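Inspection log for the structure reproduced underneath, given as structure tokens.
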Amino acid sequence: MEILGIDIGGSGIKGALVNAETGEMLTERFRIPTPKSKKPKDMAKVVAEIVGHFNYEGPVGCGFPSIVKNGVCKSPGNLDPSWVGVNIDELFTEYTGHEFTVLNDADAAGYASMNYGVGKGKNGLVVMITIGTGLGSGAFYNGVLIPNFELGQIPYKKYKKIEKWAAASAKEREDLSFKKWGKRFNKFLKLVELIVCPDLIIVGGGTSKKWEEFSHHIKIETEVVKAELMNHAGIIGAAVACLREQHHGHLH
């Protein structure tokens with residue numbers, strides 16, 4: 001079954017057609033920069049452009065960089081505050097004419113790893129961490145999603161949330177070396193380990209492509225592995241979640 005998966009990030013919105021049975025991407029990834037305003041209507045227009053690019057008919061799965069409950073945005077994350085309270089499923093359906101299933105982006109990436117990647121067949125508590133503009137996290141217990149496990153939101157020192165200090169955006173903003181930033185990321189993982197005591201941590205997102213540059217700075221007891229699907233995981237997982245999740249933007 002061919003499903004369009006879309007992954008919305010702080011810097012780019014990307015999509016591709018995915019075989020939902022095998023997790024294989026059937027097309028090249030199509031990317032448009034996230035609008036500078038990061039407001040709902042502006043972003044919905046870009047999502048519609050991506051759907052149009054693929055000349056696609058059918059339901060769409062979408063990973064979104066924030067807390068999403070039953071399709072509704074509960075926190076702005078790194079987007080405009082006007083997102084809070086918006087039914088993202090319904091908004092994107094209105095702009096595209098397609099049914100949408102929207103879930104947290106790290107949950108989507110986790111779906112990909114748990115179905116087709118290093119998390120496949122893993123029981124216990126598996127936590128997926130995605131490193132990008134923020135620090136996304138998805139949790140699975142015996143393969144079942146625990147939604148909105150937002151570990152990047154933990155307050156740390158003077159920061160309202162630790163992702164402001166330890167995400168890839170902090171590395172860029174402060175021009176940190178991989179060593180300095182890697183130590184920050186390790187500190188974050190130590191807190192994750194302390195709070196939820198996972199059986200396995202999978203690291204994905206854009207920065208995971210540079211795994212060799214920082215993995216030796218990760219020094220925690222929990223096993224930590226790289227997500228081999230990396231930057232495509234959000235797209236693949238969103239397509240799969242479209243079949244598994246129940247909230248949809250309904251056509252009228």
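Tabulated results
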quantity	calculated
For region 112-173, Kirkwood radius (reciprocal of mean inverse C-alpha pair distance, Å)	12.5 Å
Added length on full extension, which subtracts the Cα-Cα distance from 0.36 nm per residue, residue 221 to residue 37	62.1 nm
For region 129-203, diffusion coefficient by Stokes-Einstein and Kirkwood Rh (Cα), 37 °C, 0.692 mPa s, µm²/s	257 µm²/s
Value of relative contact order over the chain, rounded to a whole percent, pairs C-alpha under 8 Å and six or more apart	23 percent
The chain - accessible surface per residue (Å², probe 1.4 Å)	44 Å²
Largest-first principal axis extents of the Cα set of region 55-105 (Å)	31, 18, 18
Rough spin-label spacing in nm, given labels placed 7 Å along Cα→Cβ, for residue 146 and residue 194	1.8 nm
Mean projected area (nm²) of the alpha-carbon convex hull when region 110-245 is viewed from all directions	7.6 nm²
Cα-based Rg of region 39-198 normalised by 2.2 N^0.38 Å, two decimals	1.11
Convex hull of Cα atoms in region 198-252, direction-averaged projection (nm²)	5.4 nm²
Rounded, prolate or oblate (a/c below 1.5 giving rounded, otherwise prolate when a/b exceeds b/c) for region 78-159 by Cα gyration tensor	oblate
Loop-located trypsin sites (Lys or Arg not before Pro) in region 159-226, at most 14 other Cβ atoms within 10 Å (DSSP)	160, 219
Cα shape, region 7-61, gyration tensor, a/c 1.5 rule	prolate
Spatially proximal lysines relative to residue 160 (Cα-Cα < 24 Å; intrachain offsets below 8 disregarded)	36, 38, 39, 69, 74, 171, 179, 180, 183, 187, 190
Nearest-20 debye value, region 71-187 charge dipole, Cβ charges on Lys, Arg, Asp, Glu	1080 debye
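The values are calculated or read from the model by the stated rules, or taken from the named source; none is laboratory data. Just so we're clear, the structure is a prediction, and the values are computed from it rather than from any experiment. All Cβ positions, glycine included, derive from the backbone under ideal geometry; neighbour counts span all protein chains shown. The protein model used for the area step is the full one, side chains on, heavy atoms only, and it has no ligands, DNA or RNA in it. Shrake-Rupley method; radii C 1.70, N 1.55, O 1.52, S 1.80 Å.
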